1. Quote the accessible area belonging to VAL98 in square angstrom, nearest 10, computed with a 1.4 Å probe and with ligands, DNA and RNA left uncounted.
2. Starting from the Cα-Cα distance between GLU77 and ARG43, subtract it from 0.36 nm times their residue separation and give me the gain in nm to one decimal.
3. So between ASP103 and HIS87, what do we pick up on full extension, going 0.36 nm a residue minus the alpha carbon distance?
4. What is the calculated FRET efficiency for THR27 to GLN95, with r their C-beta to C-beta distance and R₀ = 35 Å, to the nearest 0.05?
Amino acid sequence: MAVDNKGFTREEIREFMHEYYLQPHGTRKEWLASTSVSDWTFRRWRTLMVQGDIDRGLIPREHGGMVPTNRELSAFEKARAKEMAAHRAEVEKLQKRVQELEDTNSALGKAIGLLHELSVPEPDTTPTSAQDGS
């Protein structure tokens with residue numbers, strides 16, 4: 001059964017659910033009420049996260065009341081931590097690459113400056129007798 005996610009990406013849904021589970025016990029209902037997400041949408045998203053397939057937007061056809069267990073939440077947190085670690089590694093890799101490119105750009109700028117200095121026209125030399133053709 002496909003699920004309408006109200007214009008949210010799966011990453012946004014995962015982030016929203018992560019924020020929900022970070023709320024202290026007893027304050028989650030108030031926190032949820034302060035968001036623009038309806039209770040119905042939230043329940044569908046929670047079902048997607050714990051029992052379904054969020055990547056394909058599928059939930060099981062038959063499901064009852066659902067309360068995530070500590071094991072399920074732990075698996076969710078581990079998957080989130082893995083995603084975040086991969087993201088941080090990618091960001092670090094890209095930052096190193098940007099630094100390499102900036103260093104290369106700086107070196108090229110210096111080399112171009114030296115070439116301009118070396119290509120300044122020099123005064124004409126007087127032809128020698130070998131160059132004169134005589």
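1. 70 Å²
2. Numbers: separation 34, 0.36 × 34 = 12.24 nm, distance 1.85 nm.
Additional length available on full extension: 10.4 nm.
3. Numbers: separation 16, 0.36 × 16 = 5.76 nm, distance 2.43 nm.
Extending this stretch completely gives an extra 3.3 nm.
4. On the way: r = 36 Å, r/R0 = 1.04.
It comes out at approximately 0.45.
The values are calculated or read from the model by the stated rules, or taken from the named source; none is laboratory data. Values in this document were obtained by computation on a predicted structure and should not be read as measured data. Reconstructed Cβ throughout: ideal geometry from the backbone, glycine too, with neighbour counts over all protein chains shown. With ligands, DNA and RNA removed, areas are computed over all heavy atoms of the protein, side chains included. Shrake-Rupley method; radii C 1.70, N 1.55, O 1.52, S 1.80 Å.
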